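Engineer: If you scroll down you'll find the structure; I have some questions about it.
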Amino acid sequence: MRKSTLLSLIVILALGATVIIQASGEADKLAGVMKKADIDSLIGKLRSGELQGAQSLFEGEDGPYRVYTSYIENRKGAADIHALDSEIFLIMSGSAEFTLGGEVTDKEAKSENEYRGTTISGGTTYSVAAGDIISIPKGTAHQMNPGEGHILYIVIKIKG
């Protein structure tokens, strides 16, 4: 699927989610603008180690989606499976080998419907870099490995 087609699909999904959240009262928590200067500041703090882990950009307690950052440097990311939620990754900087599909060989439940491990067996590995978009359907194993570099991406998690 072409990037422009996928980007159009993301916009349509976001507009549909907006209608849903306005009906549910979550619009105030999910509505807003994240300016480039704020994102650059956040990236600087992630790179320096001042901040660690996922950083929420837009999130409502019961909203239909969540938007947050993920930053991995000099290590392999966790192998994840989200049984109910789908995700879209927008790669902002860096590059990585990204594995999609297969089985998490040492899968453990980290919470209800969320599984994590250290390796994936049998998936397809892609080289990804800034500007790429990744779509991960619910229940699909996935793992990011930037090797000795870094990868910074924005995650749109669509709750199932």
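The values are calculated or read from the model by the stated rules, or taken from the named source; none is laboratory data. Values in this document were obtained by computation on a predicted structure and should not be read as measured data. Glycine also receives a Cβ, built like all others from the backbone with ideal geometry; neighbour counts cover every protein chain displayed.
Engineer: Checking Gln55 against (1) in contact with a strand residue (DSSP E or B) (Cβ under 9 Å, 6 or more places away or on another chain); (2) free of Cβ contacts under 8 Å to residues at least 24 places away in the same chain; (3) surrounded by fewer than 13 Cβ atoms within 10 Å (Cβ to Cβ), only one condition comes out false. Which one?
Structural biologist: Only one criterion in (1) in contact with a strand residue (DSSP E or B) (Cβ under 9 Å, 6 or more places away or on another chain); (2) free of Cβ contacts under 8 Å to residues at least 24 places away in the same chain; (3) surrounded by fewer than 13 Cβ atoms within 10 Å (Cβ to Cβ) is unmet by Gln55, namely (3).
Engineer: Mind checking whether some residue in segment 38-54 is farther than 18 Å from Ile151 by Cβ and part of a helix (DSSP H, G or I)?
Structural biologist: Yes; the residues of segment 38-54 include at least one that is farther than 18 Å from Ile151 by Cβ and part of a helix (DSSP H, G or I).
Engineer: Here's a follow-up. (1) modelled with pLDDT under 95; (2) over 11 Å from the mean Cα position of the chain (by Cα): which one isn't true of Pro146, the others all being true?
Structural biologist: Of (1) modelled with pLDDT under 95; (2) over 11 Å from the mean Cα position of the chain (by Cα), only one is false for Pro146: (1).
Results for (1) among the acidic types (Asp, Glu); (2) closer than 23 Å to Leu30 by Cβ, shown as yes or no for each residue.
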| position | (1), (2) |
| --- | --- |
| Ser48 | no, no |
| Gly53 | no, yes |
| Glu59 | yes, yes |
| Thr69 | no, yes |
| Gly122 | no, no |
| Ile154 | no, yes |
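Engineer: Related question: Looking only at residues in segment 86-125 that are loosely packed, with under 14 Cβ neighbours inside 10 Å and small (Gly, Ala, Ser), which one is nearest to Gly160 (Cα to Cα)?
Structural biologist: By that ranking, first place goes to Ser111.
Engineer: So which residues in segment 103-113 are among the charged types (D, E, K, R) and touching a residue at least 12 places away in the same chain (Cβ under 8 Å)?
Structural biologist: Within segment 103-113, Glu103, Asp106, Lys107 meet the criteria.
Engineer: Within segment 75-102, which residues are closer than 22 Å to Tyr65 by Cα, assigned to a strand (DSSP E or B) and not hydrophobic (A, V, I, L, M, F, W, C)?
Structural biologist: Scanning segment 75-102 gives Asp80, His82, Ser86, Glu87.
Engineer: Of the residues in segment 114-160, how many are in contact (Cβ under 8 Å) with a residue 40 or more places away in the chain and in a strand (DSSP E or B)?
Structural biologist: 18
Engineer: Oh, and also: Which residues, counting only those in segment 126-136, are surrounded by fewer than 14 Cβ atoms within 10 Å (Cβ to Cβ) and within 12 Å of Gly101 (Cα to Cα)?
Structural biologist: Across segment 126-136, the qualifying residue is only Tyr126.
Engineer: What number of residues within segment 103-113 are part of a loop (DSSP other than H, G, I, E, B) and either β-branched (Val, Ile, Thr) or under 21 Å from Leu84 (Cβ atoms) (or both)?
Structural biologist: The qualifying residues number 4.
Engineer: Can you tell me which residue within segment 58-71, out of those that are aromatic (Phe, Trp, Tyr) and more than 20 Å from Gly149 (Cβ to Cβ), is surrounded by the most Cβ atoms within 10 Å (Cβ to Cβ)?
Structural biologist: Once the filter is applied, the top-ranked residue is Tyr65.
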